[in-house]
1. For 178, 9, 142, give the ranking by accessible area with the largest first, probe 1.4 Å.
2. When only C-alpha pairs under 8 Å and at least 6 residues apart count, what is the relative contact order of segment 144-212, in percent?
3. Rg and Dmax of segment 109-212 over Cα atoms: what are they, in angstrom?
4. Using amide H atoms built 1.01 Å from N in the peptide plane, name the residues 5+ places from residue 165, or on other chains, whose amide H lies under 5 Å from its own.
5. Let me check something: with ligands and nucleic acids excluded, how do 45, 145, 176 order by accessible area (1.4 Å probe), largest to smallest?
Amino acid sequence: MTELPLFVRICILALWMLLPPLFTGCILRLGGVDKGSGATYRMRDLPEVWVCGQFVLWALFWLLCVPCILLEVSFTIVVYGYGGLTVLLSACGLVCLLRGRKRLRAVVSDERDAEAGSKAFWVLFALLLLVQLVQAVRLTYRDGDDAYYVAVSSITANADTMYQKLPYTGGTTKVDIRHGLAPLPVWIAFLSRISGVRAVSVAHIAVPLMLI
């Protein structure tokens, strides 16, 4: 994966962070959970759908990863297991999206909120959001946690172990239960492994942008 051009790796990372949560969220919103609410699905619902899907995928990763960490299995097992589960959920969500596309509306004539004042506020919001995203990248910095958590992500992605190497020295150690129950660095390593983007770039740039 690392032999691919940087632009291609960034595109893979962006698509993986955007599409699977969106399609997974479609299972909840378009697959029947809200079916009886009489809701009309519009393009502006997609951010909410994405957030729902991301929470589901995070929960599934935690449920899969924590036992694997405690059992000291290979990180590759987590990559294939979670990756396969994510692809399966995304496929199911895509089917739900295609089946419910008639309910998805870009504009609803009886519920217009396109008054000039409303548009102005949305434009202002978009500009402020853009400034925040730019500053998040421009002002990124190294802090004390990099020595442990980002190092854990890098070691996990490259050494195929999870919390079995000391991030400070690289020496072998046993799993620390305190950190083993917090697999966020492993999730960052997963994104790094599937995209080929370095874990430090995922941790400092990609993940903050996604969270914002």
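The values are calculated or read from the model by the stated rules, or taken from the named source; none is laboratory data. Note that this is a predicted model, so its numbers are computed, not measured. Calculation scope for accessible area: heavy atoms of the full protein, side chains included, ligands and nucleic acids excluded. Shrake-Rupley method; radii C 1.70, N 1.55, O 1.52, S 1.80 Å.
1. Putting 178, 9, 142 in descending order of accessible area: 142, 178, 9.
2. It rounds to 31 percent for segment 144-212.
3. 19.5, 64
4. Here 173 satisfy the definition.
5. Descending accessible area places them as 145, 176, 45.
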